[in-house]
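The values are calculated or read from the model by the stated rules, or taken from the named source; none is laboratory data. Given the structure is predicted, the values throughout are model-derived calculations rather than measurements. So basically every Cβ, Gly included, is an ideal-geometry build from the backbone, and we count neighbours across all protein chains shown. Side chains included, ligands, DNA and RNA excluded: accessible areas come from the protein's heavy atoms. Shrake-Rupley method; radii C 1.70, N 1.55, O 1.52, S 1.80 Å.
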Amino acid sequence: MTAPTLASERLLMRPWRAGDRVPFAALNADPRVMATIGNVLTREESDAFADRIAGHVDTQGWGLWALEIPGKAEFIGYAGLSRPRFEAAFTPCVEVGWRLAFNHWGHGYATEAGRVAMGFGFTVLDLPEIVSFTTVTNQRSRNVMERIGLTYDPSADFDHPMLGPDHPLLRHVLYRKRKLTQ
């Protein structure tokens, strides 16, 4: 199934290309990018992650799209929708998420792409709800979540089941938005 290419004012959200692997590995190896996500990834781990992402996009026709700034940068990270691979009180669900190279932080790209992804999720996929989660300390992503219209649900805070009980990023917050009905 071919995933659509989505566009916003400044960004192109497109299927992944082979040439995305090198810059993706670089951002996954950057401790600043990974500080609130987990350990930096090796090239092999990054490539395996890229394969999983591209596979989901190919299978579902949607997922985490590669982000491009047309005419300026062919790959700055990813944004889009995914299904978490773990069980929690709020799963199954669809999550909106993003990961950008550090030099592209602070320009509103995550907010812009997050809005496009949520619009796709609500209008094309007809999802009843979209969630997003991050570590308690990841204020930058929490700010993006609020800017794209998600609401913090403190009753749904959780310990990430894929992290050990002593992991410093164990505690997560959940944001959610329900589709507006007419």
Check: Regarding segment 82-180, what is the average projected area of its C-alpha convex hull, in nm²?
Finding: 6.6 nm²
Item checked: Within the chain, longest stretch clear of exposed trypsin sites (Lys or Arg not before Pro) (DSSP loop, no more than 11 other Cβ within 10 Å) -> 86-182
Next item on the list: Pull up all non-local amide H partners of W65: gap of 5 or more, or a different chain, and H-to-H distance under 5 Å with H placed in the peptide plane.
Entry: A79, G80, L81
Check: Using θ = phi - 60° and the Karplus form 6.51 cos²θ - 1.76 cosθ + 1.60, what ³J(HN,Hα) does each residue of segment 115-128 get, whole Hz, x for Gly and Pro?
Finding: 5, 5, 4, 5, x, 4, x, 7, 8, 7, 8, 6, 5, x
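Translational diffusion coefficient of segment 99-143 at 4 °C, 1.567 mPa s, Stokes-Einstein with Kirkwood Rh over Cα pairs, in µm²/s as a whole number.
The diffusion coefficient I find is 108 µm²/s.
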Item checked: the chain: calculated mean residue ellipticity at 222 nm from DSSP helix runs of at least 4, using -39500 (n - 2.57) -> -9000 deg cm²/dmol
Next item on the list: Restrict the search to segment 25-90; then list the GluC sites (Glu not before Pro) that DSSP places in a loop and that have at most 14 other Cβ atoms within 10 Å of their Cβ.
Entry: E87
Checklist line | Residues whose placed amide H lies under 5 Å from that of L127, excluding near-sequence neighbours | finding: F122
Notebook entry, point to check: Can you tell me the accessible area per residue over segment 1-105, all protein chains present, probe 1.4 angstrom, in square angstrom?
Noted result: 50 Å²
Margin query: Please list, in order along segment 44-50, the HN-Hα scalar couplings obtained from phi with the Karplus expression 6.51 cos²θ - 1.76 cosθ + 1.60 (θ = phi - 60°), rounded to whole Hz, x for Gly and Pro.
Written below: 5, 5, 5, 4, 5, 5, 4
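Using a 1.4 Å probe on the protein heavy atoms, what percent of the accessible area of the chain belongs to carbon and sulfur?
Using a 1.4 Å probe with all protein chains present, the chain comes out at 53 percent carbon and sulfur.
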Check: Whose amide H sits under 5 Å from the amide H of A7, counting only residues 5 or more places off or on another chain, with H placed in the peptide plane?
Finding: M13
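Could you give me D for segment 23-145, from Stokes-Einstein at 20 °C and 1.002 mPa s, where the hydrodynamic radius is the Kirkwood radius over C-alpha pairs? Units µm² s⁻¹, please.
Using the Kirkwood radius from Cα pairs, D works out to 142 µm²/s.
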Next item on the list: State the extension gain, in nm to one decimal, for the chain segment bounded by N143 and D166, taking 0.36 nm per residue of separation less the distance between their alpha-carbons.
Entry: 5.7 nm
Item checked: Karplus-derived HN-Hα couplings along segment 164-173 (A = 6.51, B = -1.76, C = 1.60, θ = phi - 60°), whole Hz, x at Gly and Pro -> x, x, 9, 5, x, 9, 4, 6, 10, 10
